Amino acid sequence: MSALTDSPAWQALVAHRAIIGRQTMREMFRADPARFDKFSLRLDGLLLDYSKNLITAETLELLLKLARQAKVEAWVARMFGGEKINTSEGRAVLHTALRAPRGSRITVDGKDVVPEVHRVLDQMRRFSDGVRGGSLRGHTGKAFRDVVNIGIGGSALGPLMVSEALKPYGSAQLNMHFVSNVDATDLAETTKRLDPETTLFIVSSKTFTTQETLTNARSARAWLVDRLKSEEAVARHFAAISTNLAATSQFGINPGNVFEFWDWVGGRYSVWSAIGLPVALYIGMDNFERFLAGAHAMDRHFHETPLERNLPAIMGMLGIWYADFFGAASNAILPYDRYLQHFPAYLQQLEMESNGKRVDREGQEVDYATQMVVWGEPGTDGQHSFYQLLHQGTRLIPADFLAPVTSHNPMGDHHAMLLSNCFAQTEALMLGKTAEEARAELAAQGLTGLELEALLPCKVFPGNRPTNALLFDRLDPHTLGMLVALYEHKVFVQGVVLDINSFDQWGVELGKQLAGKLLPELLGNRPVSSHDASTNGLINHYLVASGKTGC
Ligand code: G6Q
């Protein structure tokens, strides 16, 4: 047993789990009409209803004891204070500094980073105002109409998710495109519809060494130079965002179009930095700053609020409750808002790359579950496909339902219908349908005898399936900033309690190394025998089938 699973707080939860296992949420709600008031929290326009969870007041008390045993509050202070808590990379973790107001002071190695952050934000404002206002134009003097972000992972998912989520605030003059995959189809299908004279490329890469991004950037550059018949055009049509300024200059990007960020910003936490430039271009810098302000409001809440009323802490501990004490292996993210269609994919990276680890901070293999698989789809679409498994499958899948009170697109009763589906699903997942209820329903439909008995088991829903509901007034920049920061801090709480470094990603680095290793063999024309039989077989099949080599 590890120190964590052997600890009093963990063992108390193991014992408590057995008691909770004998209760149902149905009974809990029946016994306590004030359950919603007890287990819901409000922050600005955000409501978290966590009353439909398999918890009692005692459960929460025990979960927060575990959080305190792990010294969550002290770790929060260490992160906000710029301590190098990303130990395997020797870095501070300061995405919170990216949304700190002008004039605050946050130091790394004795240096206040806030002025640097605002220097780059000011540069982003000048650039985005210039592009949106038409003073920054392409090589032939035309205003930009299309922006193509070339980047992958943390340098793509954030700008993509936020641009889509804040579409109602987007410029009607600019079309946003995101090219991430090294599959040439991504770039080819994007450029097919573009006019090079009015296209701006943004190459986003923290390291500026990522194979996919640099390959796409080189091909985009060749496309532009070929179409505009000018090497000089690159200076006006390319911008770059990176921590590696030497590499951006080597690539030939005009230094005036290079936006810096810092090694204390993790890729998946970087949308608040210049990596958010495509967002700023699309929604304007004032709205981008509202997005930052929303995140800052959540930072303050997280930093200053006792765990009992702390949204990220509560959500984080509920996740641990299901992953480690109920054996839940996955967590569904179900936004009832079309604009949040990329939110599940965004959280997939944020959560799974941060806490998908198998050793603790001391390098010991853990004997408890870490990150659940995160997945999801928007709204009622999911109801017509995978919700079946949520209701009647054999697995317990805690789910987060997210929905706006007000739609950006009021149209008849659409929004009331959307929300009625959302609320009804959380209710059904909690209540289920007993055999008696199902029997009465079937009897009312006129079924009797063997026919009724045969159908009965299929009509029973076990219920007792936990959900969180996050309601917000409207999906505006401030609210989205709060939501994203809420999940970032939830991940942090879980990482601290599970004794994980949430801020490295060696699994991603492995992919980067492997990609380069095999490539020469595919580019060559000699059969290979240096790998295992399967890998040799795949490479040799490719070489033969693509006509590069004989049999
Ligand atoms: C994020 C990860 C990873 C990274 C991409 C792109 O936290 O480190 O998703 O963002 O691999 O890396 P670059 O920005 O360096 O190109």
With a 1.4 Å probe and all protein chains left in place, how much accessible area per residue does segment 452-551 have, in Å²? 47
Taking every alpha carbon pair in segment 48-197, what does the distance histogram look like in 5 angstrom bins from 0, in percent? 2, 7, 10, 12, 13, 13, 12, 11, 9, 6, 3, 2, 1, 0
For Leu523, what is the net charge nearby, where nearby means another residue's Cβ is under 13 Å from its Cβ and Lys, Arg count +1, Asp, Glu -1? +2
In whole Å, what is the distance between the alpha-carbon centres of segment 298-334 and segment 497-535? 34
Angstrom value of the Kirkwood radius, inverse mean 1/r, which spans all Cα pairs in segment 335-394: 13.6
What is the calculated FRET efficiency for Glu308 to Lys192, with r their C-beta to C-beta distance and R₀ = 41 Å, to the nearest 0.05? 0.15
How much of the accessible area of the chain, probe 1.4 Å, is carbon plus sulfur, in whole percent? 54
Whole-number D in µm²/s for segment 374-467 (Stokes-Einstein; Kirkwood sum over Cα pairs; 25 °C, 0.890 mPa s): 163
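What whole-number value in Å² describes the accessible area per residue of segment 299-366 for a 1.4 Å probe?
35
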Heads up, segment 267-390 by the C-alpha gyration tensor (a ≥ b ≥ c square roots of eigenvalues; a/c under 1.5 rounded, else a/b over b/c prolate, else oblate) looks oblate
Within segment 320-335, which residues have the backbone N less than 16 Å from the label spot 7 Å out from Glu365 along Cα→beta-carbon, could you tell me? none
With N set to the residue count of segment 141-288, report its C-alpha Rg divided by 2.2 N^0.38 Å to two decimal places. 0.95
As computed over segment 231-338, the Cα convex hull volume per residue (Å³): 188
For a quick check of your reading of the filter: which trypsin sites (Lys or Arg not before Pro) in segment 1-41 sit in a DSSP loop and have no more than 15 other Cβ atoms within 10 Å? Arg22
Using a simple charge model, +1 on the beta-carbon of Lys and Arg, -1 on the beta-carbon of Asp and Glu, nothing else, what dipole does segment 436-502 show about its Cα centre, in debye to the nearest 20? 120
Given the C-alpha centroids of segment 214-231 and segment 354-412, what is the distance between them in whole angstrom? 40
Can you tell me the accessible area per residue over segment 133-209, all protein chains present, probe 1.4 angstrom, in square angstrom? 39
Give me the percent of Cα-Cα pairs in segment 101-155 that sit more than 14 Å apart, rounded to a whole number. 69
Per residue convex hull volume, Cα only, segment 18-118, in Å³ is 147
What is the calculated FRET efficiency for Glu89 to Val373, with r their C-beta to C-beta distance and R₀ = 30 Å, to the nearest 0.05? 0.75
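Provide the net charge surrounding Asp195, with neighbours chosen by a C-beta distance below 10 Å and charges set as Lys +1, Arg +1, Asp -1, Glu -1.
Charge balance near Asp195 sits at +2.
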Grab the DSSP H runs of the chain that are 4 residues or longer, score each as -39,500 (n - 2.57), total them, divide by all residues and round the 222 nm result to the nearest 500 deg cm²/dmol. -15500 deg cm²/dmol
In vacuo Debye sum over C-alpha of the chain, base-10 log of normalised intensity I(q)/I(0) at q = 0.08, 0.09 Å⁻¹, listed in q order, is -0.61, -0.76
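Could you size up the charge dipole of segment 411-551 around its Cα centre, putting +1 on the beta carbon of Lys and Arg and -1 on that of Asp and Glu, and report it in debye to the nearest 20?
Charge dipole, segment 411-551, about its Cα centre: 620 debye, nearest 20.
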Compactness summary of segment 424-551: radius of gyration and Dmax from Cα atoms, Å, are 28.3, 73
Using θ = phi - 60° and Karplus 6.51 cos²θ - 1.76 cosθ + 1.60, couplings along segment 533-539 (whole Hz; Gly, Pro as x): 4, 5, 5, 4, x, 5, 5
Counting only residues 5 or more apart in sequence or on a different chain, those whose built amide H sits under 5 Å from that of Gly266 are Leu94, His95
Provide the gained length on full extension for the span Lys517 to Ala444, in nm with one decimal, where the gain is 0.36 nm per separating residue minus the Cα-Cα distance. 19.6 nm
With +1 at each Lys and Arg Cβ and -1 at each Asp and Glu Cβ, the charge dipole magnitude of segment 1-74 around its Cα centre, to the nearest 20 debye, comes out at 180
Amide H neighbours of Val258 under 5 Å, at least 5 residues apart or on other chains, H built in the peptide plane: list them. Ala240
Pop out the ³J(HN,Hα) list for segment 25-42 in order, Karplus 6.51 cos²θ - 1.76 cosθ + 1.60 with θ = phi - 60°, rounded to Hz; leave Gly and Pro as x. 5, 3, 5, 4, 5, 5, 6, 9, x, 8, 4, 4, 5, 6, 10, 9, 9, 10
Quick one: which residues, 5 or more positions from Val373 or on another chain, have an amide H under 5 Å from its amide H? H modelled 1.01 Å from N in the peptide plane, none for Pro or chain starts. Ser330, Asn331
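The values are calculated or read from the model by the stated rules, or taken from the named source; none is laboratory data. Keep in mind that this is a model prediction, so the values were computed, not measured. Here the Cβ is made from the backbone with ideal geometry for all residues, glycine too, and neighbour counts use every protein chain on show. Accessible surface areas use protein heavy atoms only, side chains included; no ligands, DNA or RNA. Shrake-Rupley method; radii C 1.70, N 1.55, O 1.52, S 1.80 Å.
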